[in-house]
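**Student:** Take this structure, written in structure tokens, and hold onto it; I'll ask about it next.
The values are calculated or read from the model by the stated rules, or taken from the named source; none is laboratory data. These figures come from a predicted structure and were not determined experimentally. So basically every Cβ, Gly included, is an ideal-geometry build from the backbone, and we count neighbours across all protein chains shown.
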Amino acid sequence: MALPVGTLLCVVLALGLLTVHLWPKPPGSPDYVRITEVGAEPPTGPPGPDASTGSYTEDCGRNQQQHRNTDNVVISPGNVGGAHHVHDYVGNLSTNALSTDQTLAAAGTSCVGGDLSSYYWPVLRRTDRGASPDSQDDEHGNSGEILDPESVSVEFLGNPWSQVVPMPRFLRLLEGDPTAGTDGGAQGHARWGCSGFPDRATTRYPLCPGSSLLTRTLDFPSCWDGRSTDSSDHRTQAVFPGPSGVCPRDTFAIPHLRVTVGYRPPPGRAFALDAFPEQQHDPTTDHGVFIDVMTDSRMASVVACLNQNRNCRESG
């Protein structure tokens with residue numbers, strides 16, 4: 001007996017939702033790979049004679065404050081819940097959809113040296129455990145216990161071919177592509193790995209052995225157009241260098257921000273990234289956002305450290 005058209009449509013929609021919100025990933029999902037099966041990356045070449053080879057590391061904590069929301073003030077300013085997935089934050093303690101340059105500059109920070117910048121990325125969840133009601137995002141297909149980071153490294157690096165210039169205050173930087181699972185991933189920069197395997201990185205979820213931490217490394221663009229702090233696509237104002245590290249013509253090398261987040265991995269494949277519903281928690285959608293709220297004097301200190309080839313560290 002044929003189903004009424006209305007009933008049939010409901011069944012089709014329900015099946016579609018089940019497909020989109022499939023959670024957790026089934027056993028044998030190609031989204032996961034043992035880190036021991038990932039090939040080693042080739043070594044980088046020697047730096048050029050004008051390279052800025054220093055590093056500047058900050059201690060901004062591990063989000064012990066539980067600063068999380070479903071906002072993205074860079075992509076969807078003023079739109080509360082506009083991210084459609086939960087973000088973890090370190091640095092600026094006030095960042096949300098309604099933040100402005102003025103409110104960010106007046107806020108507190110989790111960084112021990114006083115850096116007011118905002119650093120954020122999607123949470124990672126343990127999919128075999130339920131979450132507290134305030135951390136669920138079932139409307140968008142994100143559920144499960146949020147994994148607290150075991151470690152967060154915030155590091156600024158130089159450029160292998162040139163000196164760097166200061167970032168302008170309130171510069172926005174976007175790393176990665178939250179729609180990489182459906183748009184071909186041309187802007188994707190996901191790098192997953194395991195501690196103890198520094199020369200291996202993958203765009204898939206890594207399965208780490210023993211006491212190794214599961215890591216995600218967010219490398220932000222570091223070639224600035226010299227004019228803008230943001231743009232309509234949030235990418236044009238700062239782009240990535242070429243494979244050799246040289247910045248494109250008419251851009252200037254700025255400090256290269258690298259954020260590395262480490263987790264105690266759950267057993268097996270019981271973890272996945274928060275994402276837009278249609279992305280089905282694809283690991284290639286990993287991304288991060290940075291808003292520079294450093295004072296000019298602090299940024300000058302970072303630049304001097306990098307250009308003088310020193311290794312500097314701020315810690316509590």
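**Student:** Would segment 70-92 turn up any residue that is within 25 Å of Cys312 (Cα to Cα) and assigned to a loop (DSSP other than H, G, I, E, B)?
**Tutor:** Among the residues of segment 70-92, not one is within 25 Å of Cys312 (Cα to Cα) and assigned to a loop (DSSP other than H, G, I, E, B), which makes the answer no.
**Student:** Within segment 175-189, which residues are in a strand (DSSP E or B) and within 15 Å of His281 (Cα to Cα)?
**Tutor:** Selection gives Gly176 alone.
Okay, residues lined up against (1) farther than 22 Å from Ser94 by Cβ; (2) out of contact with any Gly (no Cβ under 8 Å at 6 or more places or on another chain); (3) of a type in the set (A, V, I, L, M):
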| position | (1), (2), (3) |
| --- | --- |
| Val259 | no, no, yes |
| Glu278 | yes, no, no |
| His287 | no, no, no |
| Thr295 | no, yes, no |
| Ser315 | yes, yes, no |
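**Student:** Here is a list of conditions, (1) of a type in the set (Gly, Ala, Ser); (2) under 26 Å from Arg298 (Cα atoms); (3) exposed (fewer than 14 other Cβ atoms within 10 Å of the Cβ), and Gly78 meets all of them except one; can you say which number that is?
**Tutor:** It fails just one condition, (2).
**Student:** Since Lys25 meets every condition but one in (1) more than 20 Å from Tyr263 (Cα to Cα); (2) at pLDDT below 95, which condition does it not meet?
**Tutor:** Status for Lys25: all satisfied but (1).
**Student:** If you take the residues of segment 108-132 that are part of a loop (DSSP other than H, G, I, E, B) and in contact with a Cys (Cβ under 8 Å, 6 or more places away or on another chain), which of them is nearest to Phe276 (Cα to Cα)?
**Tutor:** The qualifying residue nearest to Phe276 (Cα to Cα) is Ser117.
**Student:** I'm trying to understand the selection: among the residues of segment 190-207, which are part of a loop (DSSP other than H, G, I, E, B) and in contact with a Phe, Trp or Tyr (Cβ under 9 Å, 6 or more places away or on another chain)?
**Tutor:** Ala201, Thr203, Arg204
**Student:** Let me ask another. In segment 299-316, what count of residues is obtained for those that are among the small types (Gly, Ala, Ser) and surrounded by 13 or more Cβ atoms within 10 Å (Cβ to Cβ)?
**Tutor:** Here the count works out to 2.
**Student:** From the list Thr100, Thr179, exactly one residue is closer than 29 Å to Ala300 by Cα, among the β-branched types (Val, Ile, Thr) and surrounded by fewer than 21 Cβ atoms within 10 Å (Cβ to Cβ). Which is it?
**Tutor:** Just a single option satisfies the conditions, and that option is Thr100.
**Student:** Moving on. State whether one or more residues within segment 204-211 are under 30 Å from Glu278 (Cβ atoms) and over 19 Å from the mean Cα position of the chain (by Cα).
**Tutor:** Yes: one or more hits.
**Student:** Also, quick follow-up: Do any residues in segment 94-122 that are on the phi > 0 side of the Ramachandran plot have Cβ atoms under 9 Å from those of residues that are acidic (Asp, Glu), where the two are at least six apart or on different chains, and which pairs are they?
**Tutor:** Listed pairs, sorted by first residue: Gly114/Glu314.
**Student:** Considering every residue within segment 145-161, establish whether at least one is farther than 30 Å from Asp50 by Cβ, free of Cβ contacts under 8 Å to residues at least 12 places away in the same chain and part of a loop (DSSP other than H, G, I, E, B).
**Tutor:** Checked against the condition, which is being farther than 30 Å from Asp50 by Cβ, free of Cβ contacts under 8 Å to residues at least 12 places away in the same chain and part of a loop (DSSP other than H, G, I, E, B), segment 145-161 yields no hits at all.
**Student:** Right, something else. Right, Ser231: more than 21 Å from Val302 (Cα to Cα) and modelled with pLDDT under 95 or not?
**Tutor:** no
**Student:** Continuing with this model, one more query. Only one residue in Arg249, Arg298, Arg264 is on the phi < 0 side of the Ramachandran plot and within 19 Å of the chain's Cα centre (by Cα), so which one is that?
**Tutor:** Matching residue, one of Arg249, Arg298, Arg264: Arg264.
**Student:** Suppose we filter segment 49-75 for residues that are loosely packed, with under 14 Cβ neighbours inside 10 Å and over 22 Å from Glu150 (Cβ atoms); how many remain?
**Tutor:** Matching residues across segment 49-75 total 2.
**Student:** Got at least one residue in segment 223-231 being more than 20 Å from the chain's Cα centre (by Cα), buried (at least 21 other Cβ atoms within 10 Å of the Cβ) and within 30 Å of Gln102 (Cβ to Cβ)?
**Tutor:** Looking for residues that are more than 20 Å from the chain's Cα centre (by Cα), buried (at least 21 other Cβ atoms within 10 Å of the Cβ) and within 30 Å of Gln102 (Cβ to Cβ), one finds none in segment 223-231, hence no.
**Student:** Right, another one. Determine which single condition Gly108 fails, assuming it passes every other condition in (1) within 21 Å of Arg169 (Cβ to Cβ); (2) at pLDDT below 95.
**Tutor:** Tallying (1) within 21 Å of Arg169 (Cβ to Cβ); (2) at pLDDT below 95, Gly108 fails exactly one: (2).
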